[in-house]
Amino acid sequence: MQRTEISTYGEFGLIKHLTEKFKNENPSTLLGVGDDAAVLSYENKKVLVTTDLLLEGIHFDLVYVPLMHLGYKAAVVNFSDIYAMNGDPKQITVSIGVSKRFSVEDLDQFYAGIALACNKYGVDLVGGDTSASLTGLAISITCIGEAEADKIVYRNGAKENDLICVSGDLGSAYMGLQLLEREKIVFAGNEEVQPDFEDKDYILQRQLKPDARQDIIKSLREKGILPTSMMDVSDGLSSELMHICTQSNVGCRVFEDKIPIHYQAVVMAEELNMNIVTAALNGGEDYELLFTVALEDYDKIISMEGIAVVGHITKSAHGLQLVGREGEEIEMRAQGWNSLED
Ligand code: ADP
Ligand code: MG
């Protein structure tokens, strides 16, 4: 493949090259890339802002993550945070620190992934910053979104007897990561061996190309359901439940056999001698929505596809209880998936 050094473009030429294909679509974007600051216009709406920092070697491994996927995922995880507030993402800024290892073609791939995500979710790229780096790739994406003032859903609104709901399935992205890590070690030992990814497409896609649950947010609105609390599952169910329960000053009871798990994740866990429920509770990067709804919304909720009711909210004094398959109660510990720990 052709390799064009970034230095042949220079900083301004590179920014122009990377961003000129992006067109602004949202009325709230008055001015995007090109001046000292973007100009946005939000009338009669609240503005949501979220940001993420991704560092090579800490958050992603370019041995098995293609740059286009990385761009897509880096954008989508920010959209997921806006949806988790019941908002709609509208603009992003993308800042990158790039070492000499990367060519213009590499960055083209990365921005192609961002463009794919932006087109799919209706988001404009309105700015960013570009710098040289000594140690690989650093990415920071900020996303701006909008929400109706009285429709924003926080983490602190869960009430006793509310139902606890989860979209999609949990643990698959984590099992996808375990598979990629295993194949990386196998490959390092013998470069002749081709990775064995048969019947693993779903968990790989969940790790490499996650999607934000815009569809769930849309159908909740269509059904007239306003969750009492909500967040996206990026660090594992038990850690996220801990956040909702702490901030809402409530407890919860979650039933192990109700936690939605995909069969490919089950098979992978068996192959690796891991416990799939532990992976679903403590794995990361599912980007599903965890939310609570009032008991009155039960009929509406079960009529929606792709949502599992996994338990209910209790008094704070009951703590966080996981009910096992035999009916035994176990106090849940939020291990989370903390990248600050080893
Ligand atoms: P400044 O000197 O004000 O930081 P820059 O020359 O860095 O301006 O950026 C020029 C324009 O290009 C600005 O609109 C900025 O937001 C945008 N921009 C810079 N880097 C990126 C990037 N990596 N991706 C998208 N837009 C960028
Ligand atoms: Mg700059």
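The values are calculated or read from the model by the stated rules, or taken from the named source; none is laboratory data. Just so you know, these numbers come straight off a predicted model, no measurement behind them. Virtual Cβ from ideal backbone geometry, glycine too; neighbours counted across all protein chains shown. Calculation scope for accessible area: heavy atoms of the full protein, side chains included, ligands and nucleic acids excluded. Shrake-Rupley method; radii C 1.70, N 1.55, O 1.52, S 1.80 Å.
Taking only protein heavy atoms into account and a 1.4 Å probe, give the accessible area per residue of the chain in Å².
49 Å²
So for the range 113-252, what are the equivalent ellipsoid semi-axes in whole Å, largest first, each being the square root of 5 times an eigenvalue of the Cα gyration tensor?
Values for the range 113-252, descending: 34, 23, 16 Å.
Hey, could you get me the Stokes-Einstein D for the range 6-150, Kirkwood radius over alpha-carbon pairs, 37 °C and 0.692 mPa s, rounded to whole µm² s⁻¹?
211 µm²/s
Would you calculate the separation in nanometres between label points at LYS100 and ILE302, each defined as 7 Å from the Cα along the Cα-to-beta-carbon direction?
Modelled inter-label distance: 6.5 nm.
Give the relative contact order (percent, whole number) for the range 124-249; include only Cα pairs under 8 Å separated by 6+ residues.
Once divided by the residue count of the range 124-249, the mean separation gives 42 percent.
Work through the residues other than ASP232 whose Cβ is under 9 Å from its Cβ and net out their charges, Lys, Arg +1 and Asp, Glu -1.
Residues close to ASP232 contribute a combined charge of -3.
So how do ARG182, ARG3 rank on accessible area, 1.4 Å probe, biggest first, that is with the largest at the start?
ARG3, ARG182
Please compute, for the alpha-carbon atoms of the range 163-331, the extent along each of the three principal axes and give them in descending order in Å.
Extents along the principal axes: 58, 36, 26 Å.
Among DSSP beta bridges lying fully in the chain, give the percent that are antiparallel, nearest 5.
Among the beta bridges of the chain, antiparallel pairing accounts for roughly 75 percent.
Fully extended, how many nm does the chain gain between LEU295 and LYS21 (0.36 nm per residue separation, minus their Cα-Cα distance)?
Once the chain is fully extended between LEU295 and LYS21, it gains 93.9 nm.
Using a 1.4 angstrom probe with every protein chain in place, what is the largest-first accessible-area order of LYS300, LYS218?
LYS218, LYS300
Order the peptides 51-60, 109-118 from the highest to the lowest mean number of other Cβ atoms within 10 Å of their residues.
109-118, 51-60
So what is the relative contact order of the range 163-331, in percent, for Cα pairs below 8 Å that sit 6 or more residues apart?
RCO, the range 163-331: 42 percent.
Between their Cα atoms, which of LYS218/LYS300; LYS16/LYS90; LYS21/LYS184; LYS23/LYS151 are more than 23 Å away from each other?
LYS21/LYS184; LYS23/LYS151
Name the shape class, rounded, prolate or oblate, that the alpha-carbon gyration tensor gives for the range 241-281, where a ≥ b ≥ c are the square roots of its eigenvalues, rounded holds for a/c under 1.5, and otherwise prolate holds if a/b is larger than b/c and oblate otherwise.
prolate
Taking the full set of protein chains and a 1.4 angstrom probe, give the accessible area of TYR42 in square angstrom, rounded to the nearest 10.
50 Å²
Rounded to a whole number, what % of the accessible area of the chain do carbon and sulfur atoms account for, probe 1.4 Å?
Carbon-and-sulfur percentage of accessible area, whole number: 51.
Taking LYS223 as the anchor, which aspartates and glutamates have their alpha carbon closer than 16 Å to its alpha carbon, excluding any fewer than eight residues away along the same chain?
ASP215, GLU296, ASP297, ASP299, GLU305
Compute, for GLU198, the solvent-accessible surface of its heavy atoms (probe 1.4 Å) with the complete set of protein chains present, and express it in square angstrom to the nearest 10.
Accessible area, nearest 10 Å²: 140 Å².
Solvent-accessible area of SER219, probe 1.4 Å, all protein chains present, reported in Å² to the nearest ten, please.
About 30 Å², ignoring ligands and nucleic acids.
Suppose R0 equals 30 Å; then what is the FRET efficiency for SER133 and ILE185 from their Cβ-Cβ distance, rounded to the nearest 0.05?
Rounded to the nearest 0.05, the efficiency is 0.65.
For the pair LEU31 and LEU272, how long in nm is the line joining their label points, each one 7 Å along Cα→Cβ?
Result for the modelled spin labels: 4.9 nm.
If each Cα of the chain is one equal point scatterer, what is log10 of I(q)/I(0) from the Debye formula at q = 0.08 Å⁻¹?
At q = 0.08 Å⁻¹ the computed log10 ratios are -0.42.
Go ahead and collect, in residue order, the members of the range 140-156 whose backbone nitrogen is under 20 Å from a label point 7 Å along the Cα-Cβ direction of TYR42.
What the label zone holds, given the 20 Å backbone N cut-off, is 141-156.
Tell me, what ³J(HN,Hα) does each residue in the range 261-271 have, in order and in whole Hz, if you take phi through Karplus 6.51 cos²θ - 1.76 cosθ + 1.60 with θ = phi - 60° and put x for Gly and Pro?
Using θ = phi - 60°, the values come out as 9, 7, 4, 5, 5, 4, 4, 4, 4, 4, 4 Hz.
If LYS159, LYS151 are ordered by their accessible area, calculated over protein heavy atoms with a 1.4 Å probe, which sequence runs from highest to lowest?
Reading off the accessible areas and sorting them downward yields LYS159, LYS151.
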